[in-house]
Structures are given as structure tokens and as C-alpha cells.
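Working notes, beginning with the structure itself.
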Amino acid sequence: MDNKNSNKSDSKSSFRRGFVELMILYLLSQNDYYGWELAQFIADLTNGVFQIPFGSLYPLLYKLIDAGHITEEKRLVGKRQKRVYYHIEDSGRERLKNLMDDYNATITAMQSVLSYHPQSE
């Protein structure tokens, strides 16, 4: 196994991992979704840049439930099938606001650094 490619992949996923909670809360602020639907929607909206494995998605959803930011509701789909839909709560909206504020401040700060060009002497 090539460690250079492995490290590149690890750093990419580590960098992006913090955005997943923000995207989930944002989408849930727009509509209720079930897990697979959330993962698929995020993959579609990001042109595949964010593909959230279920092994990462559901622990995050359970963490958000435990924190009181979202709730789950089982809904009957068709005659027999049930799906668990996730719904954002007021504390989730507050968490989303805080994450958005942090995201915007971070992006602005990063743009300041990445637009820096030293003056030639």
C-alpha cells in the first residue's frame, strides 16, 4: 500500500469531516429526510465530493439525537415499510447558526491567507 496516497486521502477526509454536521443540519432545516436520502442528496448536491458512508452517517445522526439537536420519527411508507425520518429541533437550529457563523469566519480568514502575495523588493 502506498502511504503517500493513503495520507492524501486521510487528510482530505479529515478536512471535510467537519462539514458533514453542518450540511446535515442545514438540509434538515429545509426538510425532514431519512438517512439514505440525506447521504444521497449530499452526494448529488456536491457532485460526489462528499460521499458519506453509512458507518459515518448514522453515528453522527445518533450524536445529534443525543444532543437534542434532531429527533427521529418512524413513518410508514407504502403498506409495510417504515423509514426513520430526521427532524431538526430548536437547539439544532441554534447549533446550525453557530456552525454557519464559524464556517463563514473560517472561510473569510482562509481567503485572506490564500490571497496573500508578498511584495517584490
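The values are calculated or read from the model by the stated rules, or taken from the named source; none is laboratory data. This one's a predicted model, so the numbers in the text were calculated from it and none came from an experiment. Glycine gets a Cβ as well: all are built from the backbone with ideal geometry, and neighbour counts include every protein chain shown. Side chains are part of the model used for accessible areas, which takes the heavy atoms of the whole protein and leaves out ligands, DNA and RNA. Shrake-Rupley method; radii C 1.70, N 1.55, O 1.52, S 1.80 Å.
A few points about this structure:
- Solvent-accessible surface of the chain, averaged per residue with a 1.4 angstrom probe and all protein chains in place: 73 square angstrom.
- Given +1 at the Cβ of Lys and Arg, -1 at the Cβ of Asp and Glu and no other charges, the dipole of the stretch 48-121 around its Cα centre is 820 debye to the nearest 20.
- Selection of chymotrypsin sites (Phe, Trp or Tyr not before Pro), the stretch 16-49, meeting DSSP coil and at most 16 other Cβ within 10 Å: none
- nm² value of the averaged projected area, convex hull over the Cα atoms of the chain: 11.4 nm²
- Packing, as the average of other Cβ atoms within 10 Å across residues, places the peptides 66-73, 47-54 in the order 66-73, 47-54, highest first.
- Taking all protein chains together and a 1.4 Å probe, the residues 29, 112 rank 112, 29 from largest to smallest accessible area.
- Mean Cα-pair separation over length for the chain, i.e. relative contact order, pairs under 8 Å, 6 or more apart, %: 24 percent
- Apolar share of the accessible surface for the chain: 51 percent from carbon plus sulfur atoms, 1.4 Å probe.
- Computed from backbone phi, the HN-Hα couplings of the stretch 77-90 come to 10, x, 8, 10, 6, 10, 10, 9, 9, 10, 10, 7, 9, 4 Hz, rounded to whole numbers (Karplus: 6.51 cos²θ - 1.76 cosθ + 1.60, θ = phi - 60°; Gly and Pro given as x).
- Sites residue 113 and residue 66 - FRET efficiency at Förster radius 30 Å, r taken between beta-carbons, to 0.05: 0.25
- Extension gain, residue 40 back to residue 89 (0.36 nm per residue minus Cα-Cα distance, nm): 15.4 nm
- The label point for residue 51 and the one for residue 82, both projected 7 Å from the Cα toward the Cβ, are 3.2 nm apart.
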